[in-house]
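What follows draws every value from the coordinates through simple rules; no lab data is involved. Note that the structure is a prediction, hence the values are computed from the model and not measured. Neighbour counts are summed over all protein chains in view; Cβ atoms, including those assigned to glycine, are modelled from backbone coordinates with ideal geometry.
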Amino acid sequence: IAKDSEFHIIVAGIFSSGKSTLLNTLIRHDVLPTSFKTCTSKNCRIRHDSTLGRKVSLTGYDAEGNVVVEKRIFEDDVNCKSLFEEISPINSVNEVYSSVATMELGVDLTHLYPKSVSEDKFTIVLIDTPGMGSAKESTDDTNKHEEIAFDAISDERKPMILLCVEAKNYEDKKIGEFMRSVISNSKDDGGFNDRYLFLMN
């Protein structure tokens, strides 16, 4: 893990708190679906790839990490976003797409690197997680979206966590529940380790 050259930043929070909008702005591409309703149902890794320039790539992986949707490179965001929206529902009508557990976008994130650190030192990987607190997130009494987000947060790499909260909903019960789980998780896992950033949107 210490030798791993990837730096993961996980964006989590209540649904419709601006996570995907923030990420679209950071990556300078309008690919991640944004809505006042639930629109992210699977984790999406956004991996730095300087060879793409203004292009964007999309690949789909199953739960074991096998490629199930071959990598496609898009000249524009519109076509990439269209495929992304086809793949992203948990219960997609397309059998191949429904087996996708994680999507991966390749984009040039050179602009996010500190001036003092060259991009060959590590690869930035931003991770968009499903929003919690939505009526659409529960299946068979299992809170799927929260489960997916916590799997990402509990990664042994100890990623940085950016927790988004819509400012007007700061008293949302779901935020308190999520924070209790985070605190409980941290106690079992050796504390916060400066891994959490809290963003009031």
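Computed quantities for the displayed model
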{"quantity": "Unsatisfied cross-links (Cα-Cα over 32 Å) in the set K71/K174; K55/K168; K55/K115; K121/K173; K121/K174; K81/K174", "calculated": "K71/K174; K55/K168; K121/K173; K121/K174"}
{"quantity": "Interchain or long-range residues, amide H under 5 Å from M132's placed H", "calculated": "G13, I14, F15"}
{"quantity": "Derived scalar couplings ³J(HN,Hα) [the range 49-54; Karplus, 6.51 cos²θ - 1.76 cosθ + 1.60; whole Hz; x for Gly, Pro]", "calculated": "8, 5, 6, 7, x, 8"}
{"quantity": "Long-range HN-HN contacts of V68 with modeled amide H, under 5 Å", "calculated": "G60, Y61, D62"}
{"quantity": "Stretchable slack from V93 to E177, in nm (0.36 nm times residue separation minus alpha-carbon distance)", "calculated": "27.0 nm"}
{"quantity": "Simple spin-label estimate for V67 and R28 in nanometres, 7 Å along Cα-Cβ", "calculated": "2.7 nm"}
{"quantity": "Amide hydrogen neighbours beyond the local backbone of T123, cut-off 5 Å, H modeled", "calculated": "E6, F7"}
